[in-house]
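Colleague: One structure follows; several queries about it will come next.
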Amino acid sequence: MSTVKNPSIRRVPFEIMLDQKTIGKRVTELGRELTRDYNGRLPIMLGVLKGCLVFMADLIRAVDIPLEVEFVSAASYRKGSKPQDNVVLRGASTVPLKNRHVLLIEGIVDSGKTVRTILKELERQEPASVEIVTLLDKPASHRSTLDIKYKGFSIGNEFVIGYGLDNTQKYRNLPFIGRVLES
């Protein structure tokens, strides 16, 4: 069996920033923190698609208490490595969130615009609590103060791919986080 390679698909140059072992260790630690902090409660993990997918799959297996899972779709990066001015929000959770403990799961918090848009929508549903859980945080990129209680790693202003994060919908399947190099 032969594979046809498409020369028109350009691969972006990158270097490994966080390897699988480092990510796995931190996700396990976050799972323990959530298990401790939400013991005796039934949290609902609300994943922000698509970037949370791999992180959230690993995280829910690292949490040792009952929980529920829902998703919302939000996009601010639609045309490459530059965020758009508006956040497109789709597929809001159909589960009532009133008096629930919500964990908003993100793959990466960059400017914070997506998180703030979702938090605004969540407030209308009157949850008991809402906390942000992100694998990667770019604090220097935040446009206003954000309280992120659970974060895997803080990084600089690099554009990153892998472990669910993409560049024009590609590279989500990389098992590590790679820093895209300027070409």
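The values are calculated or read from the model by the stated rules, or taken from the named source; none is laboratory data. Note that the coordinates shown come from a computational prediction; the quantities given were computed from them, not determined experimentally. Positions of Cβ are backbone-derived with ideal geometry, glycine not excepted, and every protein chain shown enters the neighbour counts.
Colleague: Residue pairs, Cβ under 7 Å, 6 or more apart or interchain, first in region 15-34 and loosely packed, with under 14 Cβ neighbours inside 10 Å, second among the charged types (D, E, K, R). List them.
Modeller: GLU15/ARG179
Colleague: Within region 35-45, how many residues turn out to be free of Cβ contacts under 8 Å to residues at least 60 places away in the same chain and surrounded by 17 or more Cβ atoms within 10 Å (Cβ to Cβ)? Let's see the steps before the verdict.
Modeller: Initially, region 35-45 is screened for residues free of Cβ contacts under 8 Å to residues at least 60 places away in the same chain, giving 35-37, 39-40, 42, 44.
Imposing the further condition that a residue be surrounded by 17 or more Cβ atoms within 10 Å (Cβ to Cβ) reduces the set to 44.
Matching residues across region 35-45 total 1.
Colleague: Against the conditions (1) at pLDDT 90 or above; (2) buried (at least 16 other Cβ atoms within 10 Å of the Cβ), where does THR114 fall short? Just the number, please.
Modeller: (1)
Colleague: Also, quick follow-up: Restricting to region 98-123, name every residue that is farther than 21 Å from THR35 by Cβ and of a type in the set (A, V, I, L, M).
Modeller: ILE108, VAL109, VAL115, ILE118, LEU119, LEU122
Colleague: Right, next: Only one of VAL87, VAL95 is more than 25 Å from LEU174 (Cα to Cα), surrounded by fewer than 16 Cβ atoms within 10 Å (Cβ to Cβ), of a type in the set (A, V, I, L, M) and at pLDDT below 90. Can you tell me which?
Modeller: Being more than 25 Å from LEU174 (Cα to Cα), surrounded by fewer than 16 Cβ atoms within 10 Å (Cβ to Cβ), of a type in the set (A, V, I, L, M) and at pLDDT below 90 holds for just one of VAL87, VAL95, which is VAL95.
Colleague: Follow-up question, since we're still on this one. Where the second residue is in a helix (DSSP H, G or I) and among the hydrophobic types (A, V, I, L, M, F, W, C) and the first is over 19 Å from GLY164 (Cβ atoms) and lies in region 102-122, which pairs have Cβ atoms under 9 Å and are six or more apart or on separate chains?
Modeller: Pairs found: VAL102/LEU122.
Colleague: So which residues in region 156-183 are in contact with a helix residue (DSSP H, G or I) (Cβ under 9 Å, 6 or more places away or on another chain) and either under 19 Å from MET56 (Cβ atoms) or surrounded by 19 or more Cβ atoms within 10 Å (Cβ to Cβ) (or both)? Don't jump to the end; show me each part of the working.
Modeller: As a first pass, look at region 156-183 and keep what is in contact with a helix residue (DSSP H, G or I) (Cβ under 9 Å, 6 or more places away or on another chain): 156-157, 162-165, 172-173, 175-177.
Once the filter is applied, which keeps residues that are in contact with a helix residue (DSSP H, G or I) (Cβ under 9 Å, 6 or more places away or on another chain) and either under 19 Å from MET56 (Cβ atoms) or surrounded by 19 or more Cβ atoms within 10 Å (Cβ to Cβ) (or both), region 156-183 yields GLY162, TYR163, GLY164, LEU165, ARG172, ASN173, PRO175, PHE176, ILE177.
Conditions tested, residue by residue: (1) within 17 Å of VAL72 (Cβ to Cβ); (2) touching a Pro at 6+ places or on another chain (Cβ under 9 Å).
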{"residue": "THR117", "(1), (2)": "yes, no"}
{"residue": "GLU121", "(1), (2)": "yes, no"}
{"residue": "ARG124", "(1), (2)": "yes, no"}
{"residue": "PRO127", "(1), (2)": "yes, no"}
{"residue": "LEU136", "(1), (2)": "no, no"}
{"residue": "LEU146", "(1), (2)": "no, yes"}
{"residue": "TYR150", "(1), (2)": "no, no"}
{"residue": "PHE153", "(1), (2)": "no, no"}
{"residue": "THR168", "(1), (2)": "no, no"}
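Colleague: In region 51-61, which residues are more than 8 Å from the chain's Cα centre (by Cα) and either among the basic types (Lys, Arg) or surrounded by 22 or more Cβ atoms within 10 Å (Cβ to Cβ) (or both)? Spell out how you get there, then give the answer.
Modeller: Going residue by residue through region 51-61, those that are more than 8 Å from the chain's Cα centre (by Cα) are 54, 57-61.
Within region 51-61, LEU59, ARG61 meet the criteria.
Colleague: Another question about this same structure. Taking the residues in region 129-183 that are polar (S, T, N, Q) and in a strand (DSSP E or B) as candidates, determine which candidate is farthest from PRO43 (Cα to Cα).
Modeller: Checked region 129-183; the qualifying residue farthest from PRO43 (Cα to Cα) is ASN167.
Colleague: Moving on to the next point. Please tell me if VAL109 is at pLDDT 90 or above, of a type in the set (A, V, I, L, M, F, W, C), closer than 25 Å to VAL180 by Cβ and in contact with a helix residue (DSSP H, G or I) (Cβ under 7 Å, 6 or more places away or on another chain).
Modeller: Yes, satisfied.
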